[in-house]
């Protein structure tokens, strides 16, 4: 019979291994920054596609491009949030493509 402490330790170690292998500890922009050059020989860059709303409550739409190819878009209340969401969309693009 396994003691609860050992059980928790084993679960934690297995989960930690999965996290390290998958790279899920990194944010989407960091993962895409590493993936882009290995898949398309170019690093991603972000462009604001649109800004909507009053100055105090803007919504930004950002596209992430690798070379000149749009790979994902994202929206959010800040450019940083929109970039993260665009990077997530680009990662989904590569996942579906493979």
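Here, each number is a calculation from the coordinates, and none is a lab measurement. Computed from a predicted structure; not experimentally measured. Neighbour counts run over all protein chains shown; Cβ positions are idealised from the backbone, glycine included.
Side notes on the structure shown:
- Distance in nm between pseudo-label sites at residue 48 and residue 92 (7 Å out along the Cβ direction from Cα): 2.4
- Contact order normalised by residue count of segment 26-97, Cα under 8 Å, 6+ apart, percent: 26
- With a simple spin-label model that places each label point 7 Å from the Cα along the Cα-to-Cβ direction, the separation between residue 33 and residue 78 comes to 1.6 nm.
- Ranked packing of 56-68, 40-52, 80-92, most packed first, by mean Cβ within 10 Å: 80-92, 56-68, 40-52
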